[in-house]
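The structure follows.
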Amino acid sequence: QLTRFGLYHDDIPISQGIFEPVSTLPSILGLLIFLVTALSLRKRQPLIALGLFWFLGGHLLESTFIPLEIAHEHRNYLPSAGLLLALVGGVAWAADSQQKNRYWLLLPLVIISLAGLTAVRAWQWGDYQKFVALDSLHHPDSARTQNELAALLYRAREYPAATEAAIRAAQLAPKEAAYILNAQLVAGRAGGELPDEMLARTPILLAGAHHSAMTQHTLKRFAACVFQGGCVPLLDHLEPWLKAAVDGEAPENLRNHYRHALGRVQIAKGEYLVGINTLQQANNLQPALEQPLFDLAAVFFELGQVAPLERVISQLDASHRVGSPSRDRALAQIKRQAEQLRRDLEQTEKETGLITIDSLSGDQHTPTETVQPHASHD
């Protein structure tokens, strides 16, 4: 069925028993028949046996203890070559045994059918909006597909419809925190909030030990977004959610990445002293994680504080990391900014005759001693 095709297949029921769902037992029997047939024909019809073993082996590679997603179309590409081999072997066997070459007509019919199917799929994939619309129509119970639809509608600024799709995705996959994060962003754009139950469930999920790659990426991406002045609907929610993740049961390395994200959110909320301490702690606990230092440098430059900025530069220089070109360029830019800031402060002192707080002997001081910059959020 053409309607069964799609990019995401997380709507396939997971077998909970041999009769639940009812398709479990027939599927097991079908695979056993394939295996027995391949074994019985391996000497008499080796091409058919090779094709069946190829098909089974191709799927076995992605059906192990490794927790991959349940299904994807592309996983059938290479194994399907085995079915074609088995088909060619079967046609050759039938043509030889029956002495009827008309059996070979089956092959062009199969090729034409597959070519037509490929053309239809290429037409669907050729337009992103059409692709998402058809997938959401054919897979209404796929959380991934509903999330994709929400993203499409969000970019089109159709916020109420996007909110409906995002909430639907969160309801379909209640254990995936990333869908709730996305739904809150979309709902906030529409001027609303998520249901209280969904908001209350989020810190509980984030405090758990299992965090999917999607949740990890979403938390870090949204923290970066608010740090840069965007994603305003998430600003008040991200801090308690990230605190739950930092204090939770995830691996320490991952929790420290969340600590870095938390520091970014605290800075975005204007909590400079707390945010600076959080970013510094993230680097102290994991010195190889340098991005908190680059964030600190950006904050101190924005606040016009030369001494703390130069201390951060010293930390980056002392790390002796083999830097990538992008890291080296970023560090060089920070040094230029620090030098320019130092010259500006010295010029101000000469013109006014006043000694700025930051030009004192480098004693520790907090950002509250300076005028905080205006934080603009969209």
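For residues that are surrounded by 20 or more Cβ atoms within 10 Å (Cβ to Cβ) and over 18 Å from residue 211 (Cβ atoms), tally how many sit in the stretch 158-189.
10
Here's a check for you: in the stretch 141-160, which residue that is in contact (Cβ under 8 Å) with a residue 60 or more places away in the chain and not polar (S, T, N, Q) is farthest from residue 12 (Cα to Cα)? Before you say what the answer is, go through the steps one by one.
Initial filter on the stretch 141-160 (in contact (Cβ under 8 Å) with a residue 60 or more places away in the chain): 141-145, 148.
This time we only want the ones that are not polar (S, T, N, Q), so: 141, 143-144, 148.
On the way: 141: 9, 143: 11, 144: 12, 148: 17 Å.
Out of the qualifying residues, it is 148.
Residue-by-condition table, conditions (1) surrounded by 14 or more Cβ atoms within 10 Å (Cβ to Cβ); (2) among the β-branched types (Val, Ile, Thr); (3) farther than 16 Å from residue 35 by Cα; (4) at pLDDT 90 or above:
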{"position": "51", "(1), (2), (3), (4)": "yes, no, no, yes"}
{"position": "55", "(1), (2), (3), (4)": "yes, no, no, yes"}
{"position": "59", "(1), (2), (3), (4)": "yes, no, no, no"}
{"position": "65", "(1), (2), (3), (4)": "no, no, yes, no"}
{"position": "88", "(1), (2), (3), (4)": "yes, yes, yes, yes"}
{"position": "105", "(1), (2), (3), (4)": "no, no, yes, no"}
{"position": "112", "(1), (2), (3), (4)": "no, yes, yes, yes"}
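Another question, then. Within the stretch 252-261, does at least one residue satisfy the condition of being surrounded by 14 or more Cβ atoms within 10 Å (Cβ to Cβ) and of a type in the set (Asp, Glu)?
Taking the stretch 252-261 first, the residues surrounded by 14 or more Cβ atoms within 10 Å (Cβ to Cβ) are 254-261.
Those still in the list that are of a type in the set (Asp, Glu) too: none.
No, every residue in the stretch 252-261 fails to be surrounded by 14 or more Cβ atoms within 10 Å (Cβ to Cβ) and of a type in the set (Asp, Glu).
Also, quick follow-up: Restricting the search to the stretch 124-146, which residues are at pLDDT 90 or above and surrounded by fewer than 14 Cβ atoms within 10 Å (Cβ to Cβ)?
First, pick out the residues of the stretch 124-146 that are at pLDDT 90 or above: 126-146.
Within the stretch 124-146, 126, 127, 128, 129, 130, 137, 140, 141 qualify.
Tally the residues that are over 18 Å from residue 83 (Cβ atoms) and assigned to a helix (DSSP H, G or I), restricting the search to the stretch 104-155. Before the answer, list the steps.
From the stretch 104-155, those over 18 Å from residue 83 (Cβ atoms) are 105, 119-120, 122-155; that's our starting set.
Still in the running and assigned to a helix (DSSP H, G or I): 105, 119-120, 122-125, 128-138, 143-155.
Selection size over the stretch 104-155: 31.
Which residues, taken from the stretch 192-224, are in a helix (DSSP H, G or I), out of contact with any Leu (no Cβ under 6 Å at 6 or more places or on another chain) and hydrophobic (A, V, I, L, M, F, W, C)? Walk me through it before giving the result.
First pass over the stretch 192-224, keeping only residues in a helix (DSSP H, G or I): 196-206, 213-224.
With the extra rule that they be out of contact with any Leu (no Cβ under 6 Å at 6 or more places or on another chain), the set shrinks to 196-206, 213-217, 219-221, 223-224.
Those that are in a helix (DSSP H, G or I), out of contact with any Leu (no Cβ under 6 Å at 6 or more places or on another chain) and hydrophobic (A, V, I, L, M, F, W, C): 198, 199, 200, 204, 205, 206, 213, 214, 219, 223, 224.
Still on this structure: When residue 226 is evaluated against the numbered criteria (1) surrounded by fewer than 21 Cβ atoms within 10 Å (Cβ to Cβ); (2) touching a helix residue (DSSP H, G or I) at 6+ places or on another chain (Cβ under 9 Å), which criterion, by number, is the only one it fails?
The failed condition is (1).
Further question: Working carefully through the options 176, 73, find the one that is without any contact (Cβ under 8 Å) to a residue 40 or more places away in the chain, under 25 Å from residue 10 (Cβ atoms) and of a type in the set (Asp, Glu).
Numbers: 73 fails: without any contact (Cβ under 8 Å) to a residue 40 or more places away in the chain.
That would be 176, the only listed residue that is without any contact (Cβ under 8 Å) to a residue 40 or more places away in the chain, under 25 Å from residue 10 (Cβ atoms) and of a type in the set (Asp, Glu).
May I ask you to list the residues in the stretch 327-378 that are of a type in the set (Gly, Ala, Ser), at pLDDT 50 or above and within 20 Å of residue 227 (Cα to Cα)? Spell out the reasoning first.
Within the stretch 327-378, the subset of a type in the set (Gly, Ala, Ser) is 330, 332, 338, 353, 359, 361-362, 375-376.
When the remaining residues are screened for being at pLDDT 50 or above, the result is 330, 332, 338, 353.
Residue satisfying the conditions is 330 alone.
Ok, one more. So, in the stretch 278-305, of the ones that are polar (S, T, N, Q) and touching a residue at least 12 places away in the same chain (Cβ under 8 Å), which residue ends up nearest to residue 262 (Cα to Cα)? Outline the logic, then answer.
Residues of the stretch 278-305 that are polar (S, T, N, Q), as a first pass: 278, 280-281, 283-284, 286, 291, 305.
Now narrow it down to the ones that are touching a residue at least 12 places away in the same chain (Cβ under 8 Å): 278, 280-281, 283, 286, 291, 305.
On the way: 278: 7, 280: 12, 281: 11, 283: 13, 286: 15, 291: 13, 305: 22 Å.
Looking at residues that are polar (S, T, N, Q) and touching a residue at least 12 places away in the same chain (Cβ under 8 Å), I get 278.
Then there's this: Just to be sure, is residue 189 of a type in the set (D, E, K, R), under 25 Å from residue 225 (Cα atoms) and out of contact with any Phe, Trp or Tyr (no Cβ under 8 Å at 6 or more places or on another chain)?
It is false that residue 189 is of a type in the set (D, E, K, R), under 25 Å from residue 225 (Cα atoms) and out of contact with any Phe, Trp or Tyr (no Cβ under 8 Å at 6 or more places or on another chain).
The values are calculated or read from the model by the stated rules, or taken from the named source; none is laboratory data. From a predicted model like this one, the values you see are computed outputs, not experimental measurements. Every residue, glycine as well, gets a Cβ built from its backbone with ideal geometry; the counts of neighbours run over all protein chains shown.
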